Amino acid sequence: MDRMSPLDASFLHIEGANNHMHVGSVSIFEGPPPAYHDLLEGIKSKLPLIPRYRQKVRFVPLEVGRPVWVEDPSFNLEYHVRHTALPEPGGEDQLRRLVGRLMAQQLDRHKPLWEIWIAEGLEEGRWAMVSKIHHCMVDGVAGTDLMSVLLDVERNPARPEAADDWQPEPEPNTTSLLTQALTERLVSPYEGLRTLRAATRAPRQLLSEARETAGGLMAMRSLVRRTPPSSLSAPIGPHRRWAWARSRLTDVKAVRAGLGGTVNDVVLTAITNGFRELLLSRGEPVDEVVIRTLVPVSVRRPDERGIPNNKVSAMFAQLPIEIEDPVARLFAVRKQMQGLKHSHQAVAGEALTSMSGFAPPMLLALGTRLAARVPQRNLTTVTTNVPGPQVPLYAGGRRMLESFPYVPLAGTVTVGIAIFSYDGAVNFGVTGDYDRAPDLDVLCRGIEDGVRDLMTAAEREGKRAAKPSKSAKAAAKPARKPAPRAATPKGQKATN
C-alpha cells in the first residue's frame, strides 16, 4: 500500500464531470497491424517493470488521509487494452474524431487508471495506438519513461521466457485504511521536526532556497490581475475535440541557430502565431487580448527518473499575440522566458505544492475542488513541452512513425496544447472543448505557419550575414600599386 503525494492526490480531487484529468498520446505505426493477442503478450511482458499499472486507487473514509495505491485483485489486461477500427475512409480526420470521443470518457476509478486503444483501418495500411493514463499516476517526463518501457527500441527484441508470477496482495479493508491514516497523522509532527533538524544542518542551502522561493512568489503577483475577457476563456463541457500540428526538429533548431533563443522559445513563438490567427479568424482584436499560459516545468532530479509520481511545477508566461513580426515576437518570448527563469517561479510553485502536504487532507481535497470550480480568469491556456526519444520505437515489430500528445482541460481553459518531440519531429497535440473550440484547425495551421515564418526569417538573416558588406568588399579588394615616379633630372629639386 502506497500513499499518494499531495500533488498526485490533487489531480484526483480536481477531476469532475467536465474536468477529465488524464493525459495521453496518439501514436501512428506502419502496417500491417499486429494481431491483438500478440500485442497483449508484448504489453504483459512489460507489466513487471511498471507495477503501478496493476494498482488501483482506494480512498480513505472521511478523507482523513490521502488516497493510497493498492494492487487490484481482479486485474484483467484485456479490459485495459481495447481493440477498435476506424470508419471509412480511415483518414486522419476520422482518427482525430475518434480520439476526441475516447478522451471525453473518464477512467473508471474502481480499476487501474489507464487504457490503451488499438485502432485499425488507418489509411495507407497504418494503425494507431491511443493511450490514456490518469495524471495522478505520472507527470509528462515520467510518462515518457513509461512509454519507452512499453515500446521497444528494436524491431524484434528478444523476450524473456520467464512467466509472470505476479500475485496481488490482499486488498486492505476500510478499517485498516482509516487506522493507518490516523496513525500517520499522529506520527507526522515527529517527521516534521526531524526534517527541520536536517534542514538546520545546511543553513546556507536553506537560506538560498528561501530567497529563490520568495523571489518566485513576488514574480507571481501579476497573476492576481484579471485578464481581459476573450472567447478562449469560458466554462467547458464534458466533450472534446482534438487536432494536431507538425514541425521538424531540424527546422526549430535552425531558427534557434539563426535568430537566437531556445527550442522552447521557438515553439512558444509558433504557438503564439497560432493563437493570433485563431483570434483574428474569430474577429477579436489581438491588441486587446491577454493570453496567459501555464508552462509546466519538471523539477525531477536526474536520480528520480523512473519514479512513478508527479515532480512538476509551473511558470506563467504571457504570449505576445499583439506582435505581428515573427522575429520581434520571438525576441519578446525569449526575453520573457529568461526573466521567468531568473524569477524562480518554478521554485515557488514547487514550494507551494510541497506546503500542501502539511494541510489536513480533507482541507486539501476541498480546496482543490473549490479551485477547479472558481472561474480561472487569470489563466487562458496551458502549453506543455516534453522531449521524447530521438530514435525509432517499435510495437509488435511495427515502427512508430509519429506520436502526438494529449493534454486535459479544466475550469475555463477551452484550449490546451502539448508538444512532444520524437525521432526528428516536433508535434503539437491540441485539445479543445467540443462546443467552445470548433475551429482547432485554424490554430494548428497557425502553428505550422509560425514555424515556416520563423524559418524564412532565419534563412533571410543567414543570407544577410553571409553577404559581405561594402566595407568588407573594399577591404578584400587588392590594393592598387602606386605609379612609378619619374626620375628627377640632375640639378633640379624633387617636388611633391
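When you filter the trypsin sites (Lys or Arg not before Pro) in region 241-291 for DSSP loop state and at most 12 other Cβ atoms inside 10 Å of their Cβ, you are left with 282.
For region 379-450, the ratio of Cα radius of gyration to the globular rule of thumb 2.2 N^0.38 Å stands at 1.25. Ranked by the mean number of other Cβ atoms within 10 Å of their residues, highest first, the peptides 86-92, 228-234, 452-458 fall in the order 452-458, 228-234, 86-92.
Straightening the chain between residue 124 and residue 176 buys 13.3 nm, computed as 0.36 nm per residue apart minus the Cα-Cα spacing.
Set against the 2.2 N^0.38 Å expectation for a compact globular protein, region 19-80 has a Cα radius of gyration ratio of 1.52. When peptides 32-43, 324-335, 17-28 are sorted by average Cβ neighbour count within 10 Å, with the highest value leading, the order is 17-28, 324-335, 32-43. Using only alpha carbons, region 1-144 has a radius of gyration to Kirkwood radius ratio (Rg to Rh) of 1.00.
Using the structure shown, select from 46/253; 132/335; 44/111 the pairs with a Cα to Cα distance greater than 26 angstrom. Among 46/253; 132/335; 44/111, the Cα-Cα distance tops 26 Å for 46/253; 132/335.
Nonpolar atom fraction for region 1-45, defined as the carbon and sulfur part of the 1.4 Å probe accessible area, stands at 56 percent.
The values are calculated or read from the model by the stated rules, or taken from the named source; none is laboratory data. This one's a predicted model, so the numbers in the text were calculated from it and none came from an experiment. Here the Cβ is made from the backbone with ideal geometry for all residues, glycine too, and neighbour counts use every protein chain on show. When the accessible area is computed, the model is the full protein with side chains, heavy atoms only, and any ligands, DNA or RNA have been set aside. Shrake-Rupley method; radii C 1.70, N 1.55, O 1.52, S 1.80 Å.
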